[in-house]
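The structure appears right after this line, and notes come after that.
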Amino acid sequence: MKMTRNIIAALFLALSLTGLSLAETGSVDINTADVEQLAEALTGVGPAKAEAIIAYREENGHFEHIDELVNVRGIGLRTVDRNRDNITLESQRDTQ
């Protein structure tokens with residue numbers, strides 16, 4: 001029992017050190033995702049920041065590079081870096 005508890009504790013520690021959460025669902029296309037999809041898939045992004053991403057996208061057009069997210073109010077480089085592997089730009093590639 002104690003060994004199982006230690007294994008579970010080690011697993012949670014490993015996940016926290018990598019910046020991952022158990023709620024992450026995989027990749028999200030920031031050019032087409034809605035508020036719920038963005039908030040669910042991106043660590044450190046709740047509904048308010050997700051709405052800001054969509055507002056920026058609607059005002060400036062599709063994101064051409066993931067790093068453009070730092071132009072969104074409330075989104076910093078740390079948030080972008082933590083989510084880089086979960087972000088796609090599929091719809092932007094389809095239009096070229």
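The values are calculated or read from the model by the stated rules, or taken from the named source; none is laboratory data. Not measured: the values here are computed from a predicted model. When we count neighbours, we look across all protein chains shown, and the Cβ atoms used for this are built from the backbone with ideal geometry, even at glycine.
A few points about this structure:
- Among the residues making up the stretch 52-96, those that are under 12 Å from the mean Cα position of the chain (by Cα) and in contact (Cβ under 8 Å) with a residue 60 or more places away in the chain are Arg82, Asn86, Ile87, Thr88.
- Scanning the stretch 41-51 for residues that are surrounded by 18 or more Cβ atoms within 10 Å (Cβ to Cβ) and either assigned to a helix (DSSP H, G or I) or more than 11 Å from the chain's Cα centre (by Cα) (or both) gives Ala41, Lys49, Ala50.
- Which numbered condition Val28 misses (of (1) at pLDDT below 95; (2) crowded, with 17+ Cβ neighbours inside 10 Å): (1)
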